[in-house]
Amino acid sequence: MTSSKAAFLAIGLSLVPAAALAQQSPARDALKRACTGDYMEYCSEHAPGGPEVEACFKANMKKLTPACSSAITAYKQEQRATRRVSEAR
């Protein structure tokens, strides 16, 4: 696996709760695309999928590209909305 593919996978797994992994979403796909470079730049020393990657992104939020920051925000909003819908059922 190339390092860019590994980073792409790491981004997708690092910010996504395990229960959501089975679900595809536009926000999750955008997150992976927008944040791969930021992962490689700031957080690649952390194993993909672990809480350390999420903490690393949070610690480096001001250094992240605008596209990655926006994608993280959109993903979190989508997750909150999805949670509200699930709780309302």
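Please treat every number below as a calculation from the coordinates, not as lab data. Please read all numbers here as calculations on a predicted model, not as lab measurements. In this analysis, Cβ positions are derived from the backbone assuming ideal geometry, glycine residues included, and neighbour counts consider all displayed protein chains.
Quick rundown of the values:
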{"item": "Efficiency of FRET from Cβ geometry, Val85 and Ser25, R₀ 22 Å, rounded to 0.05", "result": "0.95"}
{"item": "Proximal charge balance of Gln24 [Cβ under 15 Å; K/R count +1, D/E count -1]", "result": "+1"}
